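Bear in mind that the values in this text are calculations on the coordinates, not laboratory data. As the structure is a prediction and not an experimental result, all values here were calculated from the model. Cβ sites come from the backbone with ideal geometry, for glycine too, and all protein chains shown count toward neighbours.
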Amino acid sequence: MSSPTESVDPTEDAAGDDAAAGDDGREIPGWTPYREWFRDRWSEGGATAWATALGHLLVGGVLFALVAGFDLGTLPIGGSLVWFVYLSVTVAALYVATAPPAEPYVAWLEDRWMESDVDKLLIVLGHVVVVFFVFAVALGLPFNGLMGALSSVLFFTAVYAMMVLALNLHWGYAGVFNIGIAGFMAVGVYAMAILSSPTEAGAASVPGLGLPLPIGILGGVLAAAIVGLVAALPALRLRADYFAIVTVAFSEIIRLTLNSRTLQEFTIAGVTTGTGGATGITMPGNPVRLLFYDGFGAGAEPALLGSVLFPLFRGLRIELIPPGSSWLGVVPLPAFTLDLAVQPSVISNWAYVVVLSAFVALFYVLLVRTGNSPFGRVLKAIREDEVVAKSLGKDTNRFKIVAFMFGCGLMGLGGILWQGSQGFTNPGAFRPIITFYIWVALIIGGAGSNTGSVLGGALFAGALWEGPVYVRRVVTNYVDFGSTPSTFPGAVAPFVEGEVLPFLAFLLDNVSALRFILVGVILVALMQRRPEGLLGHRKEEAAAISLTRPGGGGGGGSTTADGDAVADGGREADGDGGAR
Amino acid sequence: MSADDSVAADATDGDAADAEPSEATAQGARDAADHPLVVENLRKTFGGITAVDDASFSVAEGSLTGLIGPNGAGKSTTFNCITGVHEPTSGRVTFHGTDITGMATHEIAQQGLVRTFQIARELPEMTVLENMMLAPKGQVGERLTNALVPGLRDRVVEQEEELLERAWQQLEFFEIDHLAEEYAGNLSGGQRKLLEMARALMTDPEVVLLDEPLAGVNPTLEEKLLDRIHELRERGNTFLLVEHDMDVIMNNCEHVIVMHQGSVLAEGTPEQVTSDERVVEAYLGGDV
Amino acid sequence: MGISETYTRGRDLVTSRPSVLIVAGIVALLALDLVRQIATPGGLSTTQLVGYLWDGLVVGLSIGLAGVGLSMTYSILNFANFGHGDYVTSGAFAGWAVTWVIAGAGQFDLTTLLFIGSVSTRDLGVSAFATPLAIVVGLLVAAAATIVLSLVIDRLVYRPMRDEGGISLLIASIGVALALRYTIYIVFGQRTRGLTDAQSVPDIAIAGGFGVGGHEVALVVIAAALMLSVHFLLQTTKLGKAMRAMADNEDLARVTGIPTERVVRFTWIIGGGLAGAGGFLIALERGAMNFQFGWVLLLLIFAAVILGGIGSIYGAMFGGITIGIAQSISLVWLPSEFSTVAAFAVMIFVLLFKPDGLFSGVTTA
């Protein structure tokens, strides 16, 4: 049984490392006693283990400096020594976060985690909020800045959660390996844009058909589902990996077609419209804006909610301690004002986040209903063994096509809510990389679990997408890096001479590229160590009702006659409860 | 199934239809009354190897018919041809007078002709109950709209409750109800065999094709399985039982078909078959 | 074969697989249209057509060369390696860094050369004709560096996952691809850099105003030589036999005493070497590269390999040339921005009718 804290348990790690080291290191004099000493200290855990590790790092660093020919006495203060200071602080922080002081907290977390799916979501979102609160404090952001940062994280959480839920239907349930998500999103977004954009072209874009937005959205979803059908037809005949390549080729065909100058603007039956080519296409206005303003234009006046909320929040400052007050009229107190002012743009962003959350809930309900039904049961059976499903009379092709189309339609809708909400998009937003992001989020959450899909979306958005950017902001806020080198050699040269800061500055400057590397490494690590993700091992029964004996209580009844025993009514099968 | 297969089958089908003598059809019609499953001149070749060579037999309603033969006699291939896993090279399989040759596996299963597998194929990461509830035919919840739309879902839930009750009864009947909530992958070999048969019966089949249901099963469980089969037969199910073990067939079946080198060598009651010299020779000559 | 039999077969084909006929019809129509366009005065000239075919061949061979490695790892290790495109990029960057250092040492700043920085390509004057030694050494380094890279990645990533299914490995390889590509991005930067001095590459004139570039010829010759040698290596050595056995049935190969880990290692050596060399040559022919050119090429490489059938070297070559020619000949009918679309469409169409590729069943040969 895996708990969320297992990975930070030093004893566990030590056992693993030793096993690995045991295979490789042989026949070096003194190695065995040294290893035993190390193992002892390591397995003691806690402070001893951390001190040992830190000591090794320090000794190694000094050795390295000696071998590399540095004069330890003249090392500049910004040099390698600083590295060790940073490292020590990090390690100390890690220790505090994981060892005794954190124990009651971790125990409490574990309890809550097991409680329910809502608790899991609250735990993840709560931590995201806390971490971003810390970021905001570290950056000295006002309340408005914190709210802005949170609305951005929650926006990505919501859109990734939607996309991952749709992907989970494909991969987690039906076992269809779709890496063309970006293409289906693009179809949904562009179909919506073309259907609903005004017939009078603005300065920036091509004219649309001018249909009402709901029709545009419906059309986008249907278009994505129909393109899904076209893509699914080969799926019935191809191996999973060939199908994967067909889907990604499909998504590239879609993107390149949207990107082409030929279709930028065309006229069919007297109606002129187009894709806008590489420059992109403007979207119909986001209706959520109409809750706050009387129009879509930049000069629109606040209306409805806007006319009430904007003034309310604009001046929301609570003077807790007015200036000039004193304690008992003797000790002067510093003035303190709780500044809760929030800008209009942040308020409307939050409103959209609320709308998105409602859609996440809708996706979740739809997919849980799909999964917990005879339909989902057949999908699961197809994933497990398609021949069995066929031999029990299930027309597996029909199920696969319907599931694929449904998932693609949802991907189209998710794309509309994501890319279509921002007034403008271009084909560059639908590169295959976005597909891989969604996959990473799915794998983090655990394929097969709908709750896991939402958690995966939240973790991806918080920790991998928005997190690194804020880390950079915080670090650059506190450390003065001087000038940032623009090239890698320019950053490495000072590093070799002991100057760490330019190198760090260079890395931070490239944080978006580092994020890709991080995503890649996490993907590999997950596939190696925990391919089932956070919740993928969990049992989510595919039935429209709870599968317990009506009235009789689960299990029980007759006894085993043959002695082939499996623990009675074991709720959570760990794989060790197998035959005998 | 590849497109080439379908070309070959279509071609031979056409030829067979042209050349078919009228008496074969008459034979089929007569059998259909009390023999739901009729196999005529079945032939299946893989490349140059003929696995089934002109096999013809029928299975009587409510019977427990045994299909035996030494290794490589073509029993499993015959099974696969009947259930649509392989497409026969030539010949005809009818079920209640309907030609089911070359039909897709799931269509054949929907007609009420269901099989089990020689090596039990449970769905490992689904619970025993999920395995059971997958099987029944005509589930309204297999339509996505019914599963999603609130008003329509009520019917799905209603049906699920009925199915759940049936699944429990079936599990009790096979005495594996204590494992209902276990992952199927955690079951022992024998339990999987029981689950497999219970699952097949959840489809309400008329004829069940059992592919070596007793292979790898301990004697106690074997007894139990055979008891169940007899009991179900009394309730009106028809069974075609492929077995390697001569004794099992002889002690339990009233009608026995012996296959050898791809064709039917002998057919009749156990007594008739055991006294047939060719059968004895095939078994002693080949490996028993 | 009698006439009636032919007729029956034809009839069966028409009734059972009308789609094949439709495709054949489309191909015939396109061919007819091609002839018509050539016949029309002022239309497509023969020189143009030959030019398209030659371009297709060059692009196709480079895709094929990079594809052989992918095809081999695919058949031996049973997974589609999405990192292969970035192996190609890595090889190209390693090789070109060395080529530049050799060509420009003493003349330019060494660090700038090593990181393929901003140096005027005209002044540096690198080409297969002006600085052949630098090119040859660069090619060898490209192959060697990619071999080392692929072995290290195999040790770190794929070896611990040997027993996992192809899809798990595929997902891990996407992670490898991302990490590699953006490591190159950080080290070498984002910009597309010129590599060769176009002035020093002679155009070889052939009859009728049709000429071919010197680097194109270099690519075709080296690619053909590399593929032939790999072919002989696999045909004549014990290793080749072991590889074919393993591609056919891994368990059986292991039982019969074939050292599967060694075969895997050699697969990476050959596949990685060809990927690196291919990357270097593609960059040579194009005269420019950036950090994601291998990734952009990867889908075309996949298309080629699947088209030709996984595990077949001839298949990869044939598939590459098919994709290359499909891409260039599509220019007759489509604007140039659709040439990649045309190549992908050809792949999807072929897979619709031959789900295992054109040379299905043929393994490493």
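Here the Debye sum runs over all C-alpha atoms of segment C:59-149 as equal scatterers in vacuum, and log10 of I(q)/I(0) at q = 0.24 Å⁻¹ comes out as -1.17.
The C:Leu133 and C:Val20 beta-carbon pair, evaluated with R₀ = 60 Å, returns a calculated FRET efficiency of approximately 0.70.
Once you have a ≥ b ≥ c as the square roots of the Cα gyration tensor eigenvalues for segment A:146-261, tell me rounded if a/c is under 1.5, and otherwise prolate or oblate according to whether a/b is larger than b/c. Don't jump to the answer; show the numbers that get you there.
Numbers: a/c = 2.10, a/b = 1.29, b/c = 1.63.
Oblate, because a/c is 1.5 or more while a/b does not exceed b/c.
Taking amide H as placed 1.01 Å from N in the peptide plane, A:Leu141 has no amide H partner under 5 Å among residues 5 or more places away or on another chain. Cα-based values for segment B:63-195, radius of gyration first and Dmax second, are 17.8, 56 Å. Calculated over segment B:124-186, the projected area of the Cα convex hull averaged across directions stands at 4.5 nm².
Test of understanding: express the Cα radius of gyration of segment A:337-399 as a ratio to 2.2 N^0.38 Å, with N the residue count. The partial results should precede the final answer.
Details: Rg = 21.7 Å, N = 63, 2.2 N^0.38 = 10.6 Å.
Ratio of Cα Rg to 2.2 N^0.38 Å: 2.05.
In sequence order, segment A:356-362 has phi-based couplings of 4, 4, 4, 5, 4, 4, 4 Hz under the Karplus curve 6.51 cos²θ - 1.76 cosθ + 1.60, θ = phi - 60°, and Gly or Pro positions carry x.
In this structure, the amide hydrogen of B:Ile100, modeled 1.01 Å from its nitrogen in the peptide plane, lies closer than 5 angstrom to those of B:Val93, B:Thr94, B:Phe95, counting only residues at least 5 positions away or on a different chain. Phi angles across segment A:138-144 convert, under the Karplus curve 6.51 cos²θ - 1.76 cosθ + 1.60 with θ = phi - 60°, into 3J(HN,Hα) values of 5, 8, x, 6, x, 3, 4 Hz, Gly and Pro given as x.
Can you tell me how segment C:131-181 classifies by the Cα gyration tensor, rounded, prolate or oblate, using a/c under 1.5 as the rounded cut? Intermediate values should be presented prior to the final figure.
Values: a/c = 3.98, a/b = 2.70, b/c = 1.47.
In terms of gyration-tensor shape, prolate.
Share of Cα-Cα pairs in segment C:102-199 beyond 15 Å, in percent? That tail contains 72 percent of the Cα-Cα pairs.
Considering only beta bridges that DSSP places wholly inside the protein assembly as shown, some 70 percent are antiparallel.
Roughly how big is segment B:124-186's charge dipole about its Cα centre, with Cβ charges of +1 (Lys, Arg) and -1 (Asp, Glu), in debye to the nearest 20? Could you put the intermediate results ahead of the total?
Values: 5 positive and 14 negative charges, 88 e Å.
So the dipole magnitude of segment B:124-186 works out to roughly 420 debye.
Globularity index of chain B is 1.05 (Cα radius of gyration / 2.2 N^0.38 Å, N = number of residues).
When the Cα convex hull of chain C is projected onto planes of every orientation, the mean area is 22.0 nm².
Hey, with R₀ at 22 Å, roughly what FRET efficiency would B:Gln272 and B:Thr45 work out to, going by the Cβ-Cβ distance, to 0.05? Display every interim value, and only then the final one.
On the way: r = 30 Å, r/R0 = 1.38.
For B:Gln272 and B:Thr45, the calculated efficiency is 0.10.
What is chain B's relative contact order, in percent, from Cα pairs under 8 angstrom and six or more apart in sequence?
On the way: 499 pairs, mean separation 73.4, N = 288.
Once divided by the residue count of chain B, the mean separation gives 25 percent.
Tell me the angle of helix B:3-19 to the major Cα principal axis of chain B, expressed in degrees between 0 and 90 and rounded to the nearest ten. Result, in degrees: 50. Among B:Ile257, B:Ile49, B:Ile100, the largest mean-square fluctuation in a Gaussian network model of chain B, built with springs joining Cα atoms closer than 10 Å, belongs to B:Ile49.
Computed over the protein assembly as shown, the quotient of the alpha carbon radius of gyration and 2.2 N^0.38 Å is 1.05.
I need the Debye-formula profile for segment C:123-263: one equal scatterer per C-alpha, no solvent, reported as log10 I(q)/I(0) at q = 0.11, 0.16, 0.18 1/Å, two decimals. Here the Debye-derived log intensity ratios amount to -0.70, -1.12, -1.22.
Below 8 Å between Cα atoms, with a sequence gap of 6+, how large is the relative contact order for segment C:45-353 in percent? List each step's numbers first, then the result.
Details: 515 pairs, mean separation 117.6, N = 309.
Worked out over segment C:45-353, it gives 38 percent.
For segment A:501-546, evaluate the Debye formula with one uniform point scatterer on each Cα (no solvent term) and list log10 I(q)/I(0) at q = 0.26, 0.27, 0.30 Å⁻¹, rounded to two decimals. Summing over Cα pairs of segment A:501-546 leads to -0.90, -0.92, -1.00. Helices in chain B, meaning DSSP H runs of at least 4 residues, each add -39500 (n - 2.57). Divided by all residues, the mean residue ellipticity at 222 nm is -13500 deg cm²/dmol. Ranked by how many other Cβ atoms sit within 10 Å of their own Cβ, fewest first, the residues B:Phe95, C:Phe291, C:Phe280, A:Phe424 fall in the order A:Phe424, B:Phe95, C:Phe291, C:Phe280. Given +1 at the Cβ of Lys and Arg, -1 at the Cβ of Asp and Glu and no other charges, the dipole of chain C around its Cα centre is 440 debye to the nearest 20. Quick check: the angle from helix B:150-173's long axis to the longest principal axis of chain B, C-alpha only, nearest 10 degrees? Between helix and principal axis, roughly 60 degrees.
Taken as Cα centroids, segment A:457-499 and segment C:178-253 sit 37 Å apart, rounded to the nearest whole angstrom.
Amide H to amide H, with H built 1.01 Å from N, B:Val52 comes under 5 Å of B:Lys44, counting only residues 5 or more places away or on other chains.
Largest first, the three principal axis extents of the alpha carbons in segment C:36-93 are 53, 27, 13 Å in whole numbers. Using a Gaussian network for chain C with springs between C-alpha atoms less than 10 Å apart, which of these wobbles most: C:Gly95, C:Gly25, C:Gly294? Comparing C:Gly95, C:Gly25, C:Gly294 in the GNM, the peak value goes to C:Gly25. Say we join alpha carbon atoms closer than 10 Å with springs in a Gaussian network model of chain C; which of C:Ile206, C:Ile269, C:Ile38 then has the biggest fluctuation? In this elastic network of chain C, the residue with the biggest mean-square fluctuation among C:Ile206, C:Ile269, C:Ile38 is C:Ile206.
Would you mind giving the three semi-axes, in whole Å and largest first, of the ellipsoid equivalent to segment A:351-488 according to its Cα gyration tensor? Its equivalent ellipsoid spans semi-axes of 39, 17, 15 Å.
Across segment A:316-332, rounded Karplus estimates of 3J(HN,Hα) from the backbone phi angles (6.51 cos²θ - 1.76 cosθ + 1.60, θ = phi - 60°) give 7, 10, 10, 7, 6, 10, x, x, x, 7, 8, 7, 6, x, 10, 7, x Hz, Gly and Pro being marked x.
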